[in-house]
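A quick write-up on the structure given underneath.
The values are calculated or read from the model by the stated rules, or taken from the named source; none is laboratory data. Values in this document were obtained by computation on a predicted structure and should not be read as measured data. All Cβ positions, even for glycine, are placed from backbone atoms using ideal geometry, and neighbour counts span all protein chains on display. The protein model used for the area step is the full one, side chains on, heavy atoms only, and it has no ligands, DNA or RNA in it. Shrake-Rupley method; radii C 1.70, N 1.55, O 1.52, S 1.80 Å.
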Amino acid sequence: MAPTPAAVTQSSASHAPMVSGGTLTVANLHAFEQGCKRYFSTKAIAAPDQVRCVIYNFEDETVSSWIFNIEDELMNLSFSDFMAQLHNKWLSNTWFVKYGKILMTPQSDTPFTQWVNTLQNANKILRSEEDLYMDDKRLRRHIRILLSDDLGVEYGTINSDAPGVLDTIADLDKWIARIGHMDDNLHQRKDRD
């Protein structure tokens, strides 16, 4: 039987998240990190105090013992370094492969908005992996390369009819929305034919 993943709960943004007993995974560590950041922001907790405020919020005995044994070392870390230590200790050393593969998946027949949301979520999870994570500029270029053939042609046509019109949209979210609209129109035209 597969081990039960830990659950992350947070009663409100003004309370730190708790992690139940169970296996730590990329998903629950990500949920814990997001909950902590929400808590730090809501309570205006200064960076030097952040780890101290959440270090004891793991209910699993194995994780708690590990924390207890190196508590002084962990308390002196920044929150991002604390999260990196959790990843290094509790995740397999190949956890990032799954998300790296998601980033390499071409759009194919998947609706653009659904596909790009999947890419952005995988990229967000890979934030701690400097060689895989893409800033907005790299992510935009990556998306452009992996567009479906039809959408890639449509992109090229619109961009050549009004030179650079798509490439000059500076905001990534606005650019994604525009490409999503193009994809919707492309599918509507195909459905009519």
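Descriptive notes on the structure:
- Being touching a helix residue (DSSP H, G or I) at 6+ places or on another chain (Cβ under 7 Å), outside any helix (DSSP H, G or I) and either free of Cβ contacts under 8 Å to residues at least 60 places away in the same chain or open to solvent by less than 70 Å² (accessible area, probe 1.4 Å) (or both) holds for only one residue in I45, I67, and it is I45.
- First in region 105-117 and without any contact (Cβ under 8 Å) to a residue 40 or more places away in the chain, second anywhere and open to solvent by less than 10 Å² (accessible area, probe 1.4 Å) and not in a loop (DSSP other than H, G, I, E, B), Cβ under 8 Å, 6 or more apart: none
- Of all the listed residues (I145, I125), the sole one being of a type in the set (A, V, I, L, M), loosely packed, with under 14 Cβ neighbours inside 10 Å, assigned to a helix (DSSP H, G or I) and out of contact with any strand residue (DSSP E or B) (no Cβ under 9 Å at 6 or more places or on another chain) is I145.
Conditions tested, residue by residue: (1) among the β-branched types (V, I, T); (2) closer than 28 Å to A122 by Cα.
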residue: G22; (1), (2): no, yes
residue: A27; (1), (2): no, yes
residue: Q34; (1), (2): no, yes
residue: T42; (1), (2): yes, yes
residue: E59; (1), (2): no, yes
residue: S65; (1), (2): no, no
residue: F68; (1), (2): no, no
residue: E71; (1), (2): no, no
